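One structure is given below, encoded as structure tokens.
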Amino acid sequence: MKAATACKEAIDVCEAIGFSLYRFIPPTLLSFGPQSLKKIELRSVMTEKWNQEIIWAYRGGTNDLQIQATIKGLDPNFFGNPVPRGNLGVPMKIAYKFYTKNGVPINEDKTWSFINRYNLRTATANDKFYLKEGYTTAAFNFDREPRFYADLAFDGSIWEAQGKTNDNEPFYVQAKFGQTHGKKGNALHSITGYWPKKLVHYSSTLNANTYPLKGYTFPVMRLSDLYLLYAEALNEAYGPSDEAYMYVNRIRERAMLPTVQDAWTNFSVRPEKYTTKDGFREIIQNERTIELAFESQRIFDLKRWKTAPEELNESINGWDMDQENIQAYYREKQYFQMSFSLKDYFWPIPQNDLLRNKRIKQIPGWD
């Protein structure tokens, strides 16, 4: 109850002094369609410096982060540009977390075939704002929510902006072995086949030899984070309520998703999920994972939820980046195994501190 009260007081203060959910106002030079503008908006909640949603931010530079997240050769005309590294890879398990276009998990949507997610499918004109028309990729990448396409880049996906001002001939990713953005050595590629596009400001634009970057402050607390914390605290204190639904739905509305109530009632194989405390907790936790992806919040959430030993002892999986054959590429491959034990809930006390004060005892598990 105290947490819910504190969160609501913080929300009221923030809104009273002008904080609100970010909305992208496109410059006149941009003539993208609504789907691409929405993707830019969803990226810009993080990368638009000191926007009206950012409560606290880290002032340190984010240029290196953008360099590591930008695919090498994103613009094929400047493939020789040495600046972009494209080394950051998004684990497959995070790609799984994003909803379908109906706003429910892919393993719950009764209109989305989870069992056939590895099947091959070719993008049509109806998919062209998210996937390259005529390009064949996995069914896993089709019919997902806008944040999936805004936050992630992958084989066959459209990468909007970065020097393009409209939807004509956009950049798109070709990530299989031997293709433009595929693996060519032990570096300069994502090991999983997914890149965190969300980390790159839409106006950072490559040229022949340099990469002029639009820097931004790295968010520490956004208003959407506060909304989700409030909904979580309400649910833990009182169970599901209209008030808690409202704050989650504000974020979902910006992502062009139906309300929690409508999405689960109409599309989920678990239509009652949002009506129970445990079910709504799961929904809120997944919403935080998606909305705050790549913002350094997840590790603290997992520790707070006491789910870190389950989540962080799983494997890191991705597509098989060593394959040029499309059927072979679209097989989920394990790259390495994570390890998390109870001692990892805490950081060890530095050895110098222990030597200076003999009465201090090391954290259990680190001694």
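The values are calculated or read from the model by the stated rules, or taken from the named source; none is laboratory data. What you see is a predicted model; the values in this text were computed from it and never measured. Please note: Cβ atoms are built from the backbone with ideal geometry, for glycine as well, and neighbour counts cover all protein chains shown.
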Check your understanding: Does ASN266 satisfy the condition of being loosely packed, with under 14 Cβ neighbours inside 10 Å and either in a loop (DSSP other than H, G, I, E, B) or in contact (Cβ under 8 Å) with a residue 40 or more places away in the chain (or both)?
Key -> no
Check your understanding: When both residues are 6+ apart or on different chains and their Cβ atoms are under 6 Å apart, which pairs have a first residue that lies in the range 104-121 and is not assigned by TED's automatic domain parsing to the domain that holds GLU282, and a second that is part of a strand (DSSP E or B) and among the hydroxyl-bearing types (Ser, Thr, Tyr)?
Key -> VAL104/SER268; ILE106/THR100; GLU108/SER268; ASP109/THR100; TRP112/THR100; LEU120/THR136
Review point. Just a yes or no: is a residue in the range 315-323 surrounded by fewer than 21 Cβ atoms within 10 Å (Cβ to Cβ), outside any helix (DSSP H, G or I) and touching a Pro at 6+ places or on another chain (Cβ under 6 Å)?
Key: yes
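Conditions tested, residue by residue: (1) in contact (Cβ under 8 Å) with a residue 12 or more places away in the chain; (2) farther than 30 Å from ALA237 by Cα; (3) assigned by TED's automatic domain parsing to the domain that holds ASP155; (4) among the polar types (S, T, N, Q).
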position	(1), (2), (3), (4)
THR276	yes, no, no, yes
ILE283	yes, no, no, no
GLU287	yes, no, no, no
ARG356	no, yes, no, no
ILE360	no, yes, no, no
PRO364	yes, yes, no, no
Review point. Of TYR274, TYR335, which residue is modelled with pLDDT of 95 or more, among the aromatic types (Phe, Trp, Tyr), touching a strand residue (DSSP E or B) at 6+ places or on another chain (Cβ under 9 Å) and within 29 Å of MET221 (Cβ to Cβ)?
Key: TYR274
Check your understanding: Looking at ARG222, ARG250, ARG254, which one is closer than 18 Å to PRO146 by Cβ and surrounded by fewer than 18 Cβ atoms within 10 Å (Cβ to Cβ)?
Key -> ARG250
**Study point:** Enumeration of residues in the range 324-359 that are in a helix (DSSP H, G or I) and touching a Pro at 6+ places or on another chain (Cβ under 8 Å)
**Key:** LEU342, LYS343
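Out of curiosity, is ASP278 over 22 Å from the mean Cα position of the chain (by Cα) and either under 29 Å from PHE177 (Cα atoms) or in a helix (DSSP H, G or I) (or both)? Show your work before the answer.
Numbers: over 22 Å from the mean Cα position of the chain (by Cα): yes; either under 29 Å from PHE177 (Cα atoms) or in a helix (DSSP H, G or I) (or both): yes.
In short, yes.
Condition check: in contact with a Gly (Cβ under 9 Å, 6 or more places away or on another chain) and at pLDDT below 95. Does ALA175 satisfy that? Spell out how you get there, then give the answer.
Working: in contact with a Gly (Cβ under 9 Å, 6 or more places away or on another chain): yes; at pLDDT below 95: no.
No, not satisfied.
Quick check on this structure: which one of SER224, SER204, SER190 is modelled with pLDDT of 95 or more, closer than 20 Å to ALA95 by Cβ and among the polar types (S, T, N, Q)? Spell out how you get there, then give the answer.
Working: SER224 fails: closer than 20 Å to ALA95 by Cβ; SER204 fails: closer than 20 Å to ALA95 by Cβ.
Checking each option against the conditions leaves just SER190.
I'd like to check something: does the range 288-301 contain any residue that is out of contact with any helix residue (DSSP H, G or I) (no Cβ under 9 Å at 6 or more places or on another chain), part of a strand (DSSP E or B) and either surrounded by fewer than 17 Cβ atoms within 10 Å (Cβ to Cβ) or at pLDDT 95 or above (or both)?
no
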